[in-house]
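S.K.: Structure in structure tokens, see below.
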Amino acid sequence: MDKMKIWITAVIILALLSGCATVSTTTTTFYAPEYKNAGTIAVVASEAVVNRSLEFTHYKKQFEEKLAANGYIIVDNPSEAQYIGFVAYGIDDGKSSIVSTPLFGQTGGGTTYSTGTVYGSGGSATYSGTSYTMPSYGVVGSVASSQTMYTRAIALDIVDAKSLKKGNAKKVYEARAKSTGTCSVIAGVFKEMLEAMFKEFPGINGKVRSVEVIYEGEC
């Protein structure tokens, strides 16, 4: 029976691990009625100081690839672009909570061993025997552990370049992506969140969506 328990436990563990991990991202999209995803665009950080960081350089390339795949022509010099794509991203300090994880095992049935003594006029006799019923399985307990969840966010604002030169910025498109999970660095889930943001680009104006993307990163 011990072997049976081990086998069942192994099957349950394999079943739990066989599912693909995903990153769930909530996205929102808003754009002007006349918006068209076309023209030249330069991608810059919303905060000027971030433009010099190697991290932003890495994310910038990913944004440029997505925008180029969705109708835009990428240019390096903002002064030569029709539109400027302002990018921002961040992660909070996390929120800890106690999580209860169920333990699975045998709850009943299986082989039962019994022994006894029979007394009679001729003396006594000891007997033993076994019986078997179909085993049942389910939750047999739980383990409590502490878990910290982090909220990650990405923002994209596309602004008419001419309006910036006139000192009156005209935003034509904005998108937001937010996810919550145990990964404490945004780099670990940035690719998946960006994939969710650009799914079916430009999206439905004003619609909130929850997008599941298969997780291929490390954290």
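S.K.: How many of the residues making up region 41-90 are in contact with a Ser or Thr (Cβ under 7 Å, 6 or more places away or on another chain) and either of a type in the set (A, V, I, L, M, F, W, C) or closer than 17 Å to residue 187 by Cα (or both)?
M.R.: So the answer is 6.
S.K.: Test each condition in (1) modelled with pLDDT of 95 or more; (2) touching a Pro at 6+ places or on another chain (Cβ under 8 Å) for residue 141 and report the one that comes out false.
M.R.: The single condition residue 141 does not satisfy is (1).
S.K.: Out of (1) under 22 Å from residue 192 (Cβ atoms); (2) among the hydrophobic types (A, V, I, L, M, F, W, C); (3) without any contact (Cβ under 8 Å) to a residue 60 or more places away in the chain, what's the single condition that is false for residue 86?
M.R.: Result: residue 86 passes all but (3).
Residue-wise test of (1) of a type outside the set (Gly, Ala, Ser); (2) at pLDDT 95 or above; (3) closer than 17 Å to residue 83 by Cα; (4) surrounded by 15 or more Cβ atoms within 10 Å (Cβ to Cβ).
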| residue | (1), (2), (3), (4) |
| --- | --- |
| 146 | no, no, no, no |
| 152 | yes, yes, no, yes |
| 165 | yes, no, yes, no |
| 211 | yes, yes, no, yes |
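S.K.: Which pairs turn up if I take residues in region 27-56 that are small (Gly, Ala, Ser) and look for partners that are loosely packed, with under 12 Cβ neighbours inside 10 Å with beta carbon separation below 8 Å, at least 6 apart in sequence or on another chain?
M.R.: 42/76; 42/77; 42/80
S.K.: Give the residue that is surrounded by the most Cβ atoms within 10 Å (Cβ to Cβ), with candidates limited to residues of region 167-193 that are touching a Phe, Trp or Tyr at 6+ places or on another chain (Cβ under 7 Å) and assigned to a helix (DSSP H, G or I).
M.R.: Checked region 167-193; the qualifying residue surrounded by the most Cβ atoms within 10 Å (Cβ to Cβ) is 192.
The values are calculated or read from the model by the stated rules, or taken from the named source; none is laboratory data. This is a predicted model, so every value here is computed, not measured. Every residue, glycine as well, gets a Cβ built from its backbone with ideal geometry; the counts of neighbours run over all protein chains shown.
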